[in-house]
Amino acid sequence: MIEPDHILHQSQQNFLIPASIELDKIAECCYQSQFGKLLPDAFYIHISVLPSLDLTLQEYEAKARSLVSSIQGTNIIKFSTNKPKISYLCYPDFDTDAHPALQASIQVDIQTGEVNYRDYTDSPNPPILHRKETFVTTDYPLYTEFAALTQAQESLGLLNNTRGIGTREIWEQRLQIYGVEIQGHQLIQSDTAIKITPKIERHKAAIIRHDLSRPVRLALDAGLFNPETSFLDYGCGHGGDISRIADQGYTASGWDPYYSPNTPLITADIVNIGFVINVIEDQQERREALTQAWELTQKVLLVAAQVLISDLRRGVVSYGDGVITRKNTFQKYYEQEELKVYIDQVLGVDSIPVALGVYFIFRDETEAELFRASNYRSRATTPRIRASVKKFTEFQNLLAPLMNFLTERGRLPIKGELGEEEEICKEFVSLRRAFHVILQATDCEEWEAIADRRRQDLLVYLALFNFSHRPRLGKLPTAIKEDIVALYSSYRQACIDADQMLISVGNTDLIIKRCQESKVGRKLTNSFWVHISALQNLDPLLRLYEGCVSRTIGRLEETNVIKFHFQSPKISYLYYPDFGRNAHPTLGKVMTVDLRDLQVTYHDYDIDDDPPILHQIDKLVNSDYFQYEEMVKLTQKEEDLGLFDNWQNITHLSGWRKCLKDNYIVIKGYRIGWCANVDPDTLTILKTSFKNRQKQRKHQGNETVLSLPSSI
């Protein structure tokens, strides 16, 4: 048994060990270990495995152990992969109990030296272990016995939907529902256990919203509603979406089997079946609901459902292919890819992912393709007027729509595409002659650059189209067909180029090379980061690489930063709530997709008291980003102050705050200055160091030397 008295006196010492080993390297060693159990934020091993680990992990663990006088009784070691912490866990019955309970834990913060002890002896519902064979090596005496039990549990489905089963009470409830019990390490049919068929109260799953639901808000943002649009909410619950859509001037109605059963089900342009199929426990009824919603759809069906995320506090009892919650409602948690496959198979469609758990299905395939294409169209700025041309100046307003079209499509419009065509032709004879006048007043190379960007957009679009079934040229929407005809020598050549680029996506070295050569984005040793607004400015191959994920899985809805991983083919979508408002925003949410199997992992940092923090945000955005100049100046000052010298110490909010405090720095907005309480001698030393770094940067050819104010 771990003795707490031997722990606490150590933590009372103000003992600090420098984190000389980078956390990224620790995490990488954990990920690559052939032994141990790896979870999104942690890596677990049995203590017997320690000598078999990478030497880096052994040295790292030794630092933690040096802070604790005794770890007697410990048999599981937990390495945190996102914080400099190690936990020693005591499971006294690890060998004898199929699912041993945690009795005590010691958590060591290697960076601060803080040690915390927790006793679970009297807990009525302690954490328990599953899949014990993953903690040990294959030569462990009981490995075969552990593995056989896990295989039996997997075959029965006991380990599906793992939310909640990490504690004893919930695990025992699941065993009772499945009518089994465990004796030793054997799974047997229980004579006493009674299979329970709970009474599901679906209506309790409906929540009272204070804003539009995600799928409806995304449809509005995508411009799917127009003044004549009719809207039906299938499974409307309390009716929040109906009233808010009606308030915006659209025709809206809703039906719900519990709250609005007497409302007639009538067809509508846009039908929303949002978070409905995931609360229906009967699989046949679930299919019928989705099918009926589609039959009522005239233009676009919005489908949303709960998807699997790494949140162990959700669902508590396994039931069918989902879970029963504490409110006695059913929840089916889909994998994101599983949800798309389900929708496509039931409806015979190719649904479009819009966000995590949200899909759009269009009745008109042409509209669907235009929507898809719009997702991969990069921004372009209309070339500036560089020369005074009398004809252009005289008819500038008349020529403006033509210039906008050229900027949007990269080509001249065909007959009927431009509403102002007749008026322009009256003055210039033809659109081509009108464009010739525009060229006299602007830079020809800028228009060529726009056309080249549109060619790249088409390559990305055509490459991604190959995931479904690329149609003949005549079957494409008119606008896209004309883009290809105008910008490529032939449709066949465009498809060949697109396929070649798609093949290149599998070349990891080439992906890394394109990231490192990018003119925008932040390049780290193991990853490449870019703001969502700059994604369209990346090399087409990188846009395609990200598109392979977003076309199938969809992005995290609030994504504002995208991370390309180098060590493995993964894309992470990150949400920083204060990006743009805060010079050092903290991470709110992250969703990571593995391109090898499209597995999605998710983490919410909203309740984390020490979330990861972002630095040097100017490197993530384009030079035309709002407040870009302020961002650049702040980063240069921070570099000159040496705030980034010990990078591993400032990756989280607490470390950054300590860094600012230790350097007597205050940051408000994008302004930086000295703390009011810094003594004169210290301030002189800090200012001297700052000026020396400035001189060194100037000597190395940096563009600007910035002065640091004496106060904010």
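The values are calculated or read from the model by the stated rules, or taken from the named source; none is laboratory data. Values in this document were obtained by computation on a predicted structure and should not be read as measured data. Glycine gets a Cβ as well: all are built from the backbone with ideal geometry, and neighbour counts include every protein chain shown. When the accessible area is computed, the model is the full protein with side chains, heavy atoms only, and any ligands, DNA or RNA have been set aside. Shrake-Rupley method; radii C 1.70, N 1.55, O 1.52, S 1.80 Å.
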In debye to the nearest 20, the charge dipole size for the stretch 585-712, taken about the Cα centre with +1 at each Lys and Arg Cβ and -1 at each Asp and Glu Cβ, equals 660 debye
Under the helix-only model (-39500 (n - 2.57) for each DSSP H run of 4 or more, divided by the residues of the chain), the mean residue ellipticity at 222 nm, to 500 deg cm²/dmol, is -11000 deg cm²/dmol
In whole percent, the fraction of accessible protein surface over the stretch 376-512 that belongs to carbon or sulfur atoms, probe radius 1.4 Å, stands at 49 percent
Cα-based Rg then Dmax for the stretch 41-157, in Å, read 14.8, 45
For the chain, the per residue accessible area (1.4 Å probe, Å²) is 49 Å²
With a Förster distance of 35 angstrom and the Cβ-Cβ distance between Asp645 and Ser69, calculated FRET efficiency to the nearest 0.05 equals 0.55
Ranking Gln298, His185, Gln536 by how far each Cα lies towards the positive end of the charge dipole of the chain (+1 on Lys and Arg Cβ, -1 on Asp and Glu Cβ), the top one is Gln536
Length-normalised contact order of the stretch 13-145, Cα under 8 Å, at least 6 apart, in percent, tallies to 25 percent
Between the modelled labels at Asp681 and Leu39 (7 Å from Cα along Cα→Cβ) the distance in nm is 5.0 nm
Beyond 23 Å, the calculated P(r) of the stretch 459-566 holds a percent of Cα-Cα pairs equal to 34 percent
Cα-only Rg/Rh for the chain with Kirkwood Rh rounds to 1.01
Partner lysines whose C-alpha sits under 20 Å from that of Lys633, ignoring same-chain residues fewer than 8 away, are Lys519, Lys523, Lys619, Lys668, Lys687, Lys691, Lys695, Lys698
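How many percent of Cα pairs in the stretch 73-140 exceed 14 Å?
62 percent
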Using the Kirkwood formula on alpha carbons, the hydrodynamic radius of the stretch 38-77 in angstrom works out to 11.1 Å
Largest-first ranking of His603, His185 by accessible area, probe 1.4 Å, whole protein assembly kept, is His603, His185
The stretch 339-459: relative contact order from alpha carbon pairs under 8 Å, six or more residues apart, as a whole percent, is 26 percent
Contact order relative to length for the chain, counting C-alpha pairs under 8 Å separated by 6 or more residues, stands in percent at 7 percent
Of all stretches in the chain that avoid GluC sites (Glu not before Pro) placed in a DSSP loop and having at most 11 other Cβ atoms within 10 Å, the longest is 229-702
The lysines whose Cα lies under 30 Å from the Cα of Lys426, excluding any fewer than 8 residues away in the same chain, are Lys390, Lys391, Lys415, Lys481
If unit charges are put on Cβ atoms (+1 for Lys and Arg, -1 for Asp and Glu) and the dipole of the chain is taken about its Cα centre, the option from Tyr602, Ile47, Cys425 lying farthest towards the positive end turns out to be Cys425
Taking N as the residue count of the stretch 93-174, its alpha carbon Rg divided by 2.2 N^0.38 Å gives 1.28
Mean 1/r over distinct Cα pairs of the stretch 508-596, inverted to a Kirkwood Rh in Å, yields 13.2 Å
The percentage of the accessible area of the stretch 578-673 (probe 1.4 Å, all protein chains present) made up of carbon and sulfur atoms, to the nearest whole number, is 45 percent
Pseudo-spin-label distance Glu417 to Glu446, built 7 Å along Cα→Cβ, given in nm, is 2.1 nm
log10 I(q)/I(0) for the stretch 613-703, Debye formula on C-alpha points only (no solvent), q = 0.16 Å⁻¹, two decimals, reads -0.72
Hull volume per residue for the stretch 546-674, using the convex hull of the C-alpha atoms, in Å³ is 119 Å³
With all protein chains present and a 1.4 Å probe, the order of Ser654, Ser260, Ser489 from largest accessible area down is Ser489, Ser654, Ser260
